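Since the structure comes first, as C-alpha cells, the remarks are kept for the end.
None of the figures in this text is laboratory data; all of them are computed from the coordinates on show. Note that the structure is a prediction, hence the values are computed from the model and not measured. When we count neighbours, we look across all protein chains shown, and the Cβ atoms used for this are built from the backbone with ideal geometry, even at glycine.
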Amino acid sequence: NYLGHYLKKPPISGSRLAHYTSGATLSFTCLDHRTKTYQQETLSQTDMLRRVVQHIPEKHFRMIRYFGFLANRVCGRQLPRVYEALRMERRGKAPKLYFAQMSKAFLHRDPFSCVLCGARMVYTAAIAGLTVQGLINNAQSITQLRYVPA
C-alpha cells in the first residue's frame, strides 16, 4: 500500500533534478533544515535507491498517523489531553482564505472589478452543460450577457 505512493508519483519531482549521468550519478536540490538553505546533492543510483527504500515500512507495520491519539476516530477527544500533558497551547483555527483575498494579496487587484471600466462585476448566469458546438451556436447571446446593467 505504501509502495503505491512511490509508484503513483516519483520520490523526487523532475523540477528538483539538476543533473543525471546515465548509470552513474544523480544530482538534485534539497532543503537543509539546519541552515534553511537549498543545497545541491549528488548521489550514486544505489545510494539514492537505498534512501527511497528506507521509507518503505516493514510488512504489518502500522503507520503512526493512523494509530494512537492521531487516529481519525479518537484524535478529536485525545489531542486536547495530549496538549494538556505536554503543557502546549492549542492553536486556534486558521482563518479561512477566499479566492478574492488571495488574489488581492498576490496580484494586488480585485478579481471582481472589470479590467476595462473598473466597475464591480455582477453575477448574471451560469451556462452549464453546453458542448463546444452549443457554445459556438450561442456565442452571440452569451457575449451579450455581460452587458446586463447592474
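Simple spin-label estimate for V122 and R16 gives 5.1 nm between the two label positions (7 Å along the Cα-to-Cβ direction from each Cα). Extension gain for R87-R34 works out to 16.5 nm (0.36 nm per residue, less the C-alpha to C-alpha distance). Amide H contacts under 5 Å for M121: S113, C114, restricted to partners 5 or more places along the chain or on a different chain, H placed in the peptide plane at 1.01 Å from N. Along segment 49-59 the Karplus relation, 6.51 cos²θ - 1.76 cosθ + 1.60 evaluated at θ = phi - 60°, assigns HN-Hα couplings of 5, 4, 5, 5, 5, 4, 8, 8, x, 6, 4 Hz to successive residues, with x for each Gly and Pro. Full extension of the chain between Y66 and A100 gives 8.7 nm of extra length, using 0.36 nm per residue less the Cα-Cα distance. Couplings 3J(HN,Hα) of segment 82-97, computed from phi: 5, 4, 5, 5, 8, 6, 9, 7, 7, 6, x, 5, 5, x, 6, 9 Hz, in residue order, whole Hz [Karplus 6.51 cos²θ - 1.76 cosθ + 1.60, θ = phi - 60°; x for Gly and Pro]. With a/c under 1.5 counting as rounded, go ahead and sort the chain into rounded, prolate or oblate using the C-alpha gyration tensor (a ≥ b ≥ c being the square roots of the eigenvalues; past the cut-off, prolate if a/b is larger than b/c, else oblate). It is prolate, given that a/c is not under 1.5 and a/b is the larger ratio. Each residue of segment 13-22 is assigned a 3J(HN,Hα), and the resulting list reads 6, x, 6, 8, 6, 9, 7, 9, 9, 4 Hz, derived from the Karplus form 6.51 cos²θ - 1.76 cosθ + 1.60 (θ = phi - 60°), x at Gly and Pro.
If the segment from T25 to D47 were pulled out straight at 0.36 nm per residue, it would be longer than the present Cα-Cα gap by 7.0 nm. Each residue in V122, V132 was given a count of other beta-carbon atoms within 10 angstrom of its own, and listing them fewest first yields V132, V122.
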